[in-house]
Amino acid sequence: MELPYQVDFSGKIAVVTGAGGVLCSVMSKALAAAGAKVALLDINEEAVKRVAGEIESDGGKAFPVKCDILRAEDVKKAHDCVLDVFGKTNFLLNGAGGNNPKATTTSEVFRMEQLGKEQTFYDLSEEGFRFVFDINFTGEFIVTKEFTKDMLDGGDNCILNIASVNTYLPLTKIPAYAAAKEAVGNFTKWLAMYFSGVGIRVNAIAPGFLLSHQTQGLFYREDGVTPTARLEKIMMGTPMNRLGKPEELLGATLFLLDSRAAGFITGAVIPVDGGYTAYSGV
């Protein structure tokens with residue numbers, strides 16, 4: 001993989017959750033290309049095995065671990081595996097997350113005539129809401145609680161959380177996801193203060209709207225060219241007037257992990273969003 005700039009993470013052990021997904025697989029490959037040994041955690045074992053194979057074929061070091069981050073015993077087993085194979089963790093990237101249709105409203109604004117005809121706020125299930133909040137936030141708490149045990153020696157250790165533009169501005173239709181990502185931003189700052197006594201830096205990046213095979217259907221109609229109404233609204237609020245690419249997260253990711261470049265930065269949540277969170281709408 002071609003990195004945006006050269007950085008040397010040789011001797012570092014990185015743990016990435018959600019490593020089988022589009023964004024975190026790209027980050028994992030970048031960490032490996034920079035010389036880190038990367039433990040790939042995901043509930044989708046097939047996905048992380050594929051990512052590990054791609055990293056190994058490029059000459060990097062990676063180890064896939066099937067892990068349900070919502071089960072503390074699963075996370076403990078994953079930690080033990082990482083210790084056995086690679087050793088103590090230096091970098092923790094909390095990237096697992098996602099949304100659920102049961103926690104999504106059909107419309108942006110409530111009208112009385114919607115009742116009984118579409119999924120309103122009153123139709124959202126507690127199960128769906130709780131799942132979305134847990135996978136985006138509670139799992140991060142469980143993983144951080146486990147893997148930071150390796151970082152208490154005062155070495156060059158860092159946590160990077162994956163927040164969202166929702167951390168700044170809640171998007172319509174997805175109340176659980178928006179609330180969870182706001183919690184991630186707040187938790188990042190809390191952790192930064194708490195762990196400052198042992199030298200663990202804690203930061204986050206807040207990705208904006210990125211084009212990938214997973215989001216293609218959200219942004220474009222079946223012809224793959226015509227933008228959806230949602231994409232048109234997004235572009236109206238994005239000063240750079242384009243979607244981002246997953247690879248465009250790498251500059252901020254590598255920068256925040258590199259203590260030589262960002263050693264005095266902790267508690268920061270950096271938007272990588274084409275200016276979306278900077279635009280007031282007028």
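Within the stretch 237-246, does at least one residue satisfy the condition of being more than 26 Å from Ser10 (Cα to Cα), in contact with a Lys or Arg (Cβ under 7 Å, 6 or more places away or on another chain) and either without any contact (Cβ under 8 Å) to a residue 12 or more places away in the chain or crowded, with 20+ Cβ neighbours inside 10 Å (or both)?
No.
Out of (1) over 29 Å from Ala180 (Cα atoms); (2) aromatic (Phe, Trp, Tyr); (3) buried (at least 18 other Cβ atoms within 10 Å of the Cβ), what's the single condition that is false for Phe63?
(1)
Restricting the stretch 234-264 to residues that are under 19 Å from the mean Cα position of the chain (by Cα) and in a loop (DSSP other than H, G, I, E, B), which is nearest to Ala19 (Cα to Cα)?
First, pick out the residues of the stretch 234-264 that are under 19 Å from the mean Cα position of the chain (by Cα): 243-258.
Still in the list and also in a loop (DSSP other than H, G, I, E, B): 243, 245, 258.
Working: Leu243: 22, Lys245: 17, Asp258: 20 Å.
Only one residue fits best here, namely Lys245.
Could you identify the single residue in Ala30, Ala14, Ala72 that is crowded, with 24+ Cβ neighbours inside 10 Å, modelled with pLDDT of 95 or more and within 16 Å of Phe147 (Cβ to Cβ)?
Ala14
Taking the condition of being within 22 Å of Ala178 (Cβ to Cβ) and either small (Gly, Ala, Ser) or modelled with pLDDT of 95 or more (or both), how many residues in the stretch 193-213 meet it?
Here the count works out to 10.
If I filter the stretch 45-64 for residues that are of a type outside the set (Phe, Trp, Tyr), outside any helix (DSSP H, G or I), in contact with a strand residue (DSSP E or B) (Cβ under 9 Å, 6 or more places away or on another chain) and within 20 Å of Thr138 (Cβ to Cβ), do I get at least one hit?
no
Return yes or no: is Asn94 farther than 17 Å from Thr17 by Cα, under 19 Å from the mean Cα position of the chain (by Cα) and not hydroxyl-bearing (Ser, Thr, Tyr)?
For Asn94, the condition - farther than 17 Å from Thr17 by Cα, under 19 Å from the mean Cα position of the chain (by Cα) and not hydroxyl-bearing (Ser, Thr, Tyr) - is not met.
Does Ala192 fit the bill of being touching a Lys or Arg at 6+ places or on another chain (Cβ under 8 Å), in the same structural domain as Gly98 (by TED's automatic domain parsing) and either in a helix (DSSP H, G or I) or of a type in the set (Gly, Ala, Ser) (or both)? Before you say what the answer is, go through the steps one by one.
Working: touching a Lys or Arg at 6+ places or on another chain (Cβ under 8 Å): yes; in the same structural domain as Gly98 (by TED's automatic domain parsing): yes; either in a helix (DSSP H, G or I) or of a type in the set (Gly, Ala, Ser) (or both): yes.
Yes: the conditions hold for Ala192.
Within the stretch 186-195, does at least one residue satisfy the condition of being of a type in the set (D, E, K, R) and under 14 Å from the mean Cα position of the chain (by Cα)? Don't jump to the end; show me each part of the working.
Within the stretch 186-195, the subset of a type in the set (D, E, K, R) is 189.
Going one step further and asking which of them are under 14 Å from the mean Cα position of the chain (by Cα), we end up with none.
Checking the stretch 186-195: not a single residue is of a type in the set (D, E, K, R) and under 14 Å from the mean Cα position of the chain (by Cα).
Can you tell me which residues in the stretch 108-147 are in a loop (DSSP other than H, G, I, E, B) and over 26 Å from the mean Cα position of the chain (by Cα)?
Hits for the stretch 108-147 are Val109, Phe110, Arg111, Leu115, Gly116, Lys117, Glu118, Gln119, Thr120.
Show the residue pairs meeting these rules: Cβ distance below 7 Å; 6+ apart or different chains; first residue within the stretch 259-282 and at positive phi; second residue surrounded by fewer than 16 Cβ atoms within 10 Å (Cβ to Cβ).
Gly267/Met193; Gly274/Pro239; Gly274/Met240; Gly274/Arg242; Gly275/Pro239; Gly275/Met240
Report every pair of residues separated by at least 6 positions or lying on different chains whose Cβ atoms are under 7 Å apart, first residue within the stretch 121-144 and under 21 Å from Ala72 (Cβ atoms), second among the basic types (Lys, Arg) and in a helix (DSSP H, G or I).
Glu127/Lys102; Asn136/Lys181
The values are calculated or read from the model by the stated rules, or taken from the named source; none is laboratory data. The model shown is predicted, which means the values in this text are computed figures rather than measured ones. When we count neighbours, we look across all protein chains shown, and the Cβ atoms used for this are built from the backbone with ideal geometry, even at glycine.
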